[in-house]
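The values are calculated or read from the model by the stated rules, or taken from the named source; none is laboratory data. Keep in mind that what you see is a predicted model, and the values were worked out from it rather than measured. In this analysis, Cβ positions are derived from the backbone assuming ideal geometry, glycine residues included, and neighbour counts consider all displayed protein chains. We work out accessible area using only protein heavy atoms, side chains counted, and drop any ligands, DNA or RNA first. Shrake-Rupley method; radii C 1.70, N 1.55, O 1.52, S 1.80 Å.
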Amino acid sequence: MDLATLLGIVGAFCVVLVAIFLGGSFTQFVDIPSILIVVGGGMAATLVRFPLAGIGSAFAVGGKVAFSGKTIKPRDLIEEISHLGEIVRKSGPLGLENVDVSDPTLAKGVQYIADGYEIDFIRESMERERDLTLTRLSEGKRVFKALGDSAPAFGMIGTLVGLVQMLANMDDPSAIGPSMAVALLTTLYGALISNVVCLPIVDKLDAKFDVEELNQTLIIDGILQIRESKSPALIREMLIAYLPEKSRAGLVDAA
């Protein structure tokens with residue numbers, strides 16, 4: 001679990017709730033028509049933008065990645081790939097048969113080497129899987145971005161609906177309050193959904209997209225070098241280029 005994502009969302013809602021309780025009654029800020037306009041309208045507009053078959057999986061992938069804290073550091077991957085290179089150097093490709101690895105993509109590449117596949121096949125297969133993984137992650141990001149854009153828009157639509165209802169019933173004082181509630185609360189709901197949930201998740205997915213792309217490419221390069229029987233020291237030295245300068249301490253000396 002990515003605690004930063006969870007704590008950020010929960011913390012933002014807690015701040016708003018505390019402000020509500022300090023200033024009045026919570027029930028004043030609950031309005032079913034406003035919720036229907038913002039949530040229902042935002043979801044409907046998102047459905048219009050994307051194919052129905054893919055929107056569910058895009059939500060699932062985006063949400064899973066945003067709230068998942070399992071990310072392998074490139075430095076650890078380099079060490080693990082170098083260790084795999086040592087095994088192949090000593091025992092040959094079959095030495096990788098029973099080796100446990102930390103990443104599914106790396107495990108698939110190790111299996112390709114152990115099975116004796118040609119290097120061109122390994123490159124094409126792993127690059128295709130990387131591209132498809134990144135495409136699915138990008139689709140999840142686009143769906144959350146669409147919902148983040150739609151929620152404030154429908155908040156404004158709800159505000160207009162409430163104002164029309166209020167102006168149409170100026171002769172009935174009892175109808176002015178509920179109409180104003182719809183007018184103001186839809187804007188509040190839209191702003192909360194967009195700025196507390198959807199758009200922050202989009203930014204988190206952007207950051208994790210870059211990390212995933214780096215890790216996947218690093219793994220592919222490492223697997224190809226192992227398949228070419230490069231020495232572990234050379235593999236480590238070539239993969240160090242994926243690290244920023246400040247993270248290379250120790251690995252450079254080992255290489």
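All of (1) farther than 30 Å from G62 by Cβ; (2) in contact (Cβ under 8 Å) with a residue 60 or more places away in the chain; (3) open to solvent by 60 Å² or more (accessible area, probe 1.4 Å); (4) within 29 Å of the chain's Cα centre (by Cα) hold for I240 with one exception: (3). From the residues in segment 139-189 that are among the acidic types (D, E) and not in a helix (DSSP H, G or I), which one is nearest to L36 (Cα to Cα)? So the residue we want is D172. In segment 190-204 there is at least one residue matching the filter, namely being free of Cβ contacts under 8 Å to residues at least 12 places away in the same chain, within 26 Å of D103 (Cα to Cα), open to solvent by 30 Å² or more (accessible area, probe 1.4 Å) and not basic (K, R). If you go through segment 77-128 and keep only what is under 15 Å from D221 (Cα atoms) and among the basic types (K, R), you end up with K108, R123, R128. Can we say D103 is charged (D, E, K, R), at pLDDT below 85 and over 30 Å from A183 (Cβ atoms)? So D103 does not fit the description; no. Looking only at residues of segment 118-131 that are in contact (Cβ under 8 Å) with a residue 12 or more places away in the chain and out of contact with any Leu (no Cβ under 9 Å at 6 or more places or on another chain), we find that the one that is surrounded by the most Cβ atoms within 10 Å (Cβ to Cβ) is R130. Does segment 132-148 include one or more residues that are surrounded by fewer than 17 Cβ atoms within 10 Å (Cβ to Cβ) and without any contact (Cβ under 8 Å) to a residue 12 or more places away in the chain? So far as segment 132-148 goes, yes, one or more of its residues are surrounded by fewer than 17 Cβ atoms within 10 Å (Cβ to Cβ) and without any contact (Cβ under 8 Å) to a residue 12 or more places away in the chain. Of the listed requirements (1) among the small types (G, A, S); (2) within 30 Å of D103 (Cβ to Cβ); (3) surrounded by fewer than 18 Cβ atoms within 10 Å (Cβ to Cβ), G222 misses just one: (3). Residues that are closer than 30 Å to E139 by Cβ and touching a residue at least 60 places away in the same chain (Cβ under 8 Å) were ranked within segment 19-39; the one that is surrounded by the most Cβ atoms within 10 Å (Cβ to Cβ) is V38. Filtering M170, M180 for residues that are surrounded by 14 or more Cβ atoms within 10 Å (Cβ to Cβ) and more than 29 Å from the chain's Cα centre (by Cα) leaves a single hit, M180.
Sub-7 Å Cβ pairs linking a first residue in segment 72-87 that is free of Cβ contacts under 8 Å to residues at least 60 places away in the same chain to a second residue that is open to solvent by 10 Å² or more (accessible area, probe 1.4 Å), at least 6 apart or interchain, are E80/V101; E80/S102; I87/G95; I87/V99, ordered by first then second residue.
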